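Input: a single structure, listed below in structure tokens.
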Amino acid sequence: MRVLYFNQVAITRRAGTWPAKENSMCALRSRPFPFALTPEDLRFLRNVADDTEDAPWMTMNDAQWRNATALYASLDAYARQHAVSWYPGGMLPLTYRLPGESRPRQVAPDVFVARVPLRGRSSLPVDEEGMPPFVLEVVSSSSVQRDLEEKTEIYRLLGAQEYAIVRLDVAGPRLEGYRRGTAGAWEVWAPDAQGRLWSAVLGLWLVLRGDEVRAVTPTGEMLRTLPEAEAERQQAKAAQERAEEEVARLRVALERLTHGGDDTAST
């Protein structure tokens with residue numbers, strides 16, 4: 001895959017670039033909570049635990065942290081440089097109130113994108129501003145039940161369009177998830193033959209690079225964080241300088257040979 005340098009490459013989204021079936025998903029909008037919930041839905045939401053700082057599943061190991069921060073940082077850099085309709089966030093509480101309750105409940109995705117600006121916020125009230133259409137969780141052995149069972153249902157009921165899951169709790173990391181089908185039902189989001197997930201919300205592929213999830217454009221360019229892009233530029237600059245020095249050295253050597261040949265001929 002080619003690397004995308006944010007200040008050098010412009011991406012043009014052409015009609016027909018994305019799979020036709022998934023284009024229709026872009027038209028879906030997350031609806032403010034609450035929905036018309038069944039008694040079973042309400043019972044589940046009233047009993048499921050919140051994402052709080054002291055919850056055991058909220059502790060992130062190094063692999064989870066690297067996954068979440070790298071993806072968030074690259075999406076943030078991408079959003080700043082391109083005309084997208086979303087804002088990336090991470091570990092920010094999404095709050096919602098259930099019918100008949102005054103206390104807000106909350107869930108905090110590892111990474112998400114919202115349709116409203118997020119800077120300076122301490123939370124995002126879903127029942128006022130809508131559910132972020134894309135959420136992602138990085139699953140470790142300590143968060144399997146929370147991420148694969150409880151959050152799958154929470155995000156379904158809150159109205160997420162796509163729920164991407166990075167599985168680090170299995171031998172060989174993999175991507176999987178859930179998303180809204182064309183009829184609005186919550187369906188399994190299966191990776192393609194290359195193990196990628198196409199996000200219609202982001203207009204990007206989600207791929208695994210080693211055990212890290214990264215985003216890739218439809219043309220195969222991987223999004224970089226700003227430090228990564230700067231490091232790449234510095235490496236390219238150093239390589240160019242070395243090449244220029246080598247050209248200069250060869251030019252001097254060629255001139256010496258040429259002048260030496262002229263002197264020999266004149267004697």
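The values are calculated or read from the model by the stated rules, or taken from the named source; none is laboratory data. As the structure is a prediction and not an experimental result, all values here were calculated from the model. All Cβ positions, even for glycine, are placed from backbone atoms using ideal geometry, and neighbour counts span all protein chains on display.
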Checklist (1) under 13 Å from the mean Cα position of the chain (by Cα); (2) within 19 Å of Y155 (Cβ to Cβ); (3) surrounded by 20 or more Cβ atoms within 10 Å (Cβ to Cβ); (4) not charged (D, E, K, R) applied to W86, failing item: (3)
- prompt: Does S122 qualify as being of a type in the set (S, T, N, Q) and under 18 Å from the mean Cα position of the chain (by Cα)?
  reply: no
task: Please note which strands (runs of 3 or more DSSP E) are completely contained in the range 125-192 and include at least 1 residues that are closer than 24 Å to A70 by Cα.
output: 134-139, 162-167, 174-180
- line: Filter the range 40-94 for residues that are outside any loop (DSSP other than H, G, I, E, B) and among the aromatic types (F, W, Y); the one that is nearest to Q145 (Cα to Cα) is W57
field: Only listed residue being in contact with a Gly (Cβ under 8 Å, 6 or more places away or on another chain) and within 24 Å of T59 (Cα to Cα), chosen from P109, P93, P88
entry: P109
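Are any of the residues in the range 62-72 exposed (fewer than 13 other Cβ atoms within 10 Å of the Cβ) and either at pLDDT 85 or above or in contact with a strand residue (DSSP E or B) (Cβ under 6 Å, 6 or more places away or on another chain) (or both)?
So in the range 62-72, the residues exposed (fewer than 13 other Cβ atoms within 10 Å of the Cβ) come out as 62, 65.
Next, from what is left, pick out any that are either at pLDDT 85 or above or in contact with a strand residue (DSSP E or B) (Cβ under 6 Å, 6 or more places away or on another chain) (or both): none.
No - not one qualifying residue is present in the range 62-72.
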message: Please verify whether E153 is of a type in the set (D, E, K, R), crowded, with 24+ Cβ neighbours inside 10 Å, over 14 Å from Y87 (Cα atoms) and modelled with pLDDT of 95 or more, treating the condition exactly as stated.
response: no
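Could you list, in sequence order, the residues of the range 115-142 that are among the polar types (S, T, N, Q) and over 11 Å from G90 (Cα atoms)?
The first filter runs over the range 115-142 and keeps only residues among the polar types (S, T, N, Q), leaving 122-123, 140-142.
Residues satisfying the conditions are S122, S140, S141, S142.
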